[in-house]
1. Looking only at the range A:229-244, filter to residues that are assigned to a strand (DSSP E or B) and in contact with a helix residue (DSSP H, G or I) (Cβ under 8 Å, 6 or more places away or on another chain); which one of those is nearest to the other protein chains (Cβ to nearest Cβ)?
2. Considering every residue within the range A:141-150, establish whether at least one is within 14 Å of chain B (Cβ to nearest Cβ) and buried (at least 19 other Cβ atoms within 10 Å of the Cβ).
3. Going by the structure shown, is residue A:152 farther than 18 Å from residue A:116 by Cα, touching a helix residue (DSSP H, G or I) at 6+ places or on another chain (Cβ under 9 Å) and assigned to a helix (DSSP H, G or I)?
4. Where in the range B:233-346 are there strands (runs of 3 or more DSSP E), lying fully within it, with 2 or more residues that are more than 28 Å from residue B:220 (Cα to Cα) and more than 14 Å from chain A (Cβ to nearest Cβ)?
5. Just to be sure, is residue A:249 surrounded by 16 or more Cβ atoms within 10 Å (Cβ to Cβ), in contact (Cβ under 8 Å) with a residue 60 or more places away in the chain and within 14 Å of another protein chain (Cβ to nearest Cβ)?
6. For residues in the range B:209-224 being surrounded by 23 or more Cβ atoms within 10 Å (Cβ to Cβ) and more than 8 Å from ligand 2 (Cβ to nearest atom), which is farthest from residue B:270 (Cα to Cα)?
7. Taking residue A:123, is it in contact with a strand residue (DSSP E or B) (Cβ under 7 Å, 6 or more places away or on another chain) and surrounded by 24 or more Cβ atoms within 10 Å (Cβ to Cβ)?
8. How many of the residues making up the range A:50-65 are more than 17 Å from residue A:92 (Cβ to Cβ), within 13 Å of chain B (Cβ to nearest Cβ) and touching a residue at least 12 places away in the same chain (Cβ under 8 Å)?
Ligand SMILES: Cc1cc2nc3c(=O)[nH]c(=O)nc-3n(C[C@H](O)[C@H](O)[C@H](O)COP(=O)(O)OP(=O)(O)OC[C@H]3O[C@@H](n4cnc5c(N)ncnc54)[C@H](O)[C@@H]3O)c2cc1C
Ligand SMILES: Cc1cc2nc3c(=O)[nH]c(=O)nc-3n(C[C@H](O)[C@H](O)[C@H](O)COP(=O)(O)OP(=O)(O)OC[C@H]3O[C@@H](n4cnc5c(N)ncnc54)[C@H](O)[C@@H]3O)c2cc1C
Ligand code: FES
């Protein structure tokens, strides 16, 4: 199920390797993760749930849902979707047994920096670049082995403002951002730790203490930072329906990762749930990868995403059903089909409207929730803002939260777009630097410019939700004196 | 809000809810007032271990009687409490420990407890993953009827049974003052109204000192911040809770396979601070993997804090305060109030009903501290 020909992407599969899965030899290519290589070999059941022993497969593809836990080289509970496959690896689907591997020993490292940036998506990298240029020391940490966050899988041309690179593909923007930050790394301005999770906030005051760990190299970091910018992105939402845990039900981000990062098809025929931009774009990307899309269903009475994306799908013969949702997904050990049905005005299924959709893949594109738990642990003031996607940190115009020296940027501060995430990153990077080096006329002008551009970007009709979310957040910030 | 009640219980932890249930059996209407949700205090954050192996006769007797109740509680309350009796294995590190262990075991046996002293090489028969050298054990004591129950299920089982019998439970309601005439309790003032009553039970856990102050009574209790972790799941390997009084560590494996445990944080913190620390996480992980090196590859999933409500002798304060009629203490559990709750509730219900208590609790009154008439419990962990 590897994609060989793709209209946009090229997959360099240089070195073929092999590994053992439950005793059987499986072919893989260097650079793939364990879960993606298994997928390519048609193995979709990765683990079983503990109490009811239900089969579980790849869902998020970014290490957040733990449905891909397997035993690797004698170590249980390894997240195989973010662990690179290696030649001769021994992979077993039995997660539960005790570890048999030798423990290689662990190291501890203390790091002190001016500014710590957690998350290297568009927001985090932009923040690191902005601050790195200003002579303060910056540490950029991301738990994924690759930099770029969500951008590394976005093959479509970006919408939004021309000034902020609309018309450029996400992957291209990611490359540019990475180049710039790597340049600063070379000059010793920014230190980058990929593959490292920041796992806890351990106290503030004049500086902030955080714990981080790299599981591959067994290093534990004590990070002491004068300022912290959280740019942790967002997590995909789940829907509740019978069969939602069957292998073959994926988050849209997981599907994108498989297809666009690793060149692997999730299945042959897809039912897409959700007609926001993400659902529409991923449907189109599936078609590009040679996968059939049966239909897109959307619970709302109208399509949420841009009409250009919807039109592209229709041109390719993919129907979009509004006021429809998934009632049930069925199959033995993997998705074999789904029942979709019409919704009435009270969001109840209309009896008799059920339709049986034959598919091997169900893709959920039903929104995101900001990843803000570290911020909450740090004790920032938070509130539930539906337009922002859930609980978010209350922050001011310059992206500072109610805890002094703690900033937020990007999807983590409310679900929006990569273009606004980059600007928020710049603002957070600038304001954290200013708080260390002092404000002058040029930084003041820069700040005004960024804030103005950001406001312009939100001005269009599609910025209305974000505009409302940010209006509420800023209003609360000003009431709280933040 | 109700205007009058026989008894007002401050605090909806396991003790407050269990007492409301026991009172309801006697036809006494109790109102529980809880500031947050049920089990939001120490109860919902605890290790929930149930141990009968104590050094003081009072604790041992309370725990033994409580285990008898725990064993039939599911049936009595009509819902699961997640009880598992896998025993407690207590490490003995040197001759001095051994001497104390022998004394404890003798006293515990005199109370009818099935408890024995193991040789070092018998430890792995009970918990196979322990490294006897790493934990520096020369032996252990073991009681097979010790165990663990689910603190949420237990609290809710008590609360629901109490409500079925007519008790009322107010959540998200804060007690702000206690009205007395200097001799007797008159009423309890909350942020949602005042309840007239002649009896107030102070079961507010680590906040009991503050509740007592409202009635003009000073308690010697001190809140200590305690930390605890849980790891990811794996195969069930052992049933016992492993503890050491010297290292202060305790850990057990939950039904779903996670390891749950704690140890005194390297820096002792008193007062109402809730932040978890990195130094605890490291101290706990390194001690745990010294005891069970095979756990080195296992990830910690969560870390959180809770309070021990600690008294000078590490024994609870139970009963009516001298000089203030109707003011009943049910606090100062010093880190082991979950396991004692079934019997404590029974005894206090008897006391409130004016009956003779089935175990003597006179020695656990508040006045013992004033008279300096107490002996410290030695068998404390966490
Ligand atoms: C299908 C799809 C299409 C899209 N199309 C567009 C478009 O056309 N135009 C547009 O502007 N936007 C688009 N977006 C939105 C855009 O991708 C996101 O808004 C943007 O990526 C958010 O950037 P971010 O930096 O806030 O977060 P992310 O890109 O999500 O990055 C967050 C990073 O933080 C890391 N991280 C999180 N927690 C930790 C931790 N504790 N320790 C270490 N690292 C951590 C994560 O690993 C991740 O790499 C699209 C999104 C999707 C899914
Ligand atoms: C980390 C840790 C591990 C532990 N391990 C064990 C163990 O293994 N075994 C064991 O037996 N014990 C253990 N304990 C101790 C045990 O948790 C407590 O002794 C027990 O839960 C006390 O229950 P409680 O109902 O008395 O108090 P709590 O559960 O603390 O309940 C008191 C309640 O009072 C409420 N309250 C406070 N002030 C007010 C107010 N003004 N108005 C209204 N409500 C108020 C609080 O919100 C709280 O819910 C542990 C404790 C901790 C912290
Ligand atoms: S954690 Fe691997 S698929 Fe979600």
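The values are calculated or read from the model by the stated rules, or taken from the named source; none is laboratory data. Remember, it's a predicted structure, so these values are computed and weren't measured experimentally. Neighbour counts are summed over all protein chains in view; Cβ atoms, including those assigned to glycine, are modelled from backbone coordinates with ideal geometry.
1. The residue in question is A:230.
2. Yes, the range A:141-150 has at least one match.
3. yes
4. Result: B:241-243, B:250-253.
5. no
6. Once the filter is applied, the top-ranked residue is B:212.
7. no
8. Count: 1.
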